[in-house]
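Right, one structure below, let's go through it.
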Amino acid sequence: MTDPIRHRFTPTAGLLLLGVMAALMLPSQAPARQRTWLQQLRAQFGYNPPLAPGGSRGPGQGQDGSICLITPQPKRQDPATALVTMPSPTLVSQQPLAEWRLEDSQGRKLAGALARSDRPIEGPIAWPLPPLQPGQTVTLRLRSMQASGSDDVEIRLQAASASEQAQGLKMIGNPRDRLEIVQTLLQQGKTSEALELVFAPFQGSPSALLLDLRQSLMRNGCSPEGLR
């Protein structure tokens, strides 16, 4: 004989079960959409080949002493040169560093740091000097943990014009969502400016998506696999 009470409550229990299952599925679906969006945005930055000591570009990822400077992004070689829009650019290397140095045109040390043997230098490096003047040039030297003491990578940082610097500062202070500005720069083909803006100091608290993009670029910003 069928229990009338159990029979009466079965449809309600089924609806509740469906509701619980739907609620459990929602958290897993949202990150999936977010990851896809970040992957698509990451792909717009393209592939930035590492620089080996001596200036050659190649597929190395630090094992041969090569360094991939995510930002400022080198554009030319002999020597490698990065045009810097922000007067106080953030320095970001994908590889852990044994040493970094900033030098003037005479080779004099302006700033730098040397890692401990058990503690490499990792993560973004805040600009340690007064803001770059329009057209000013300084030399950045980076040495990976795998490189010998004299095998450093040299990149010349050249400050942009006064009008370009003013535009860079305006972007930093823009109250719009920074990711919107980054996307606009990418659509205009201004990859290096977009990278500078991603890692530029933020007035207030960066959004979770901006932090995720920073981490993604630091993990695979110089790897072809990161475009997939």
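All of the numbers you see were taken from the coordinates with simple rules; none came from a lab. It should be emphasised that the depicted structure is a prediction, and the values quoted were computed from it without experimental measurement. When we count neighbours, we look across all protein chains shown, and the Cβ atoms used for this are built from the backbone with ideal geometry, even at glycine.
How far is it, in nm, from the label point at ALA162 to the one at GLN40 when both lie 7 Å from their Cα along the line to the Cβ?
If labels sit at ALA162 and GLN40, their model points lie 4.2 nm apart.
Relative to the Cα centre, what is the charge dipole magnitude of region 69-222, using +1 at the beta carbon of each Lys and Arg, -1 at the beta carbon of each Asp and Glu, and rounding to the nearest 20 debye?
Charge dipole of region 69-222: 100 debye, to the nearest 20.
Which order results if ARG42, ARG143 are arranged by neighbouring Cβ count within 10 Å, fewest first?
Exposure proxy ranking, most exposed first: ARG42, ARG143.
Excluding residues fewer than 8 places away in the same chain, name every one of the aspartates and glutamates whose C-alpha is closer than 20 Å to that of LYS190.
Excluding near neighbours in sequence, the set is GLU164, ASP177, GLU180.
Under the definition of Cα pairs under 8 Å and six or more residues apart, what whole-number percent is the relative contact order of region 69-222?
28 percent
Say each of LEU169 and GLU122 gets a label point 7 Å from the Cα, pointing the same way as Cα to Cβ; how far apart are those two points in nm?
Placing both labels 7 Å along Cα→Cβ, they lie 3.5 nm apart.
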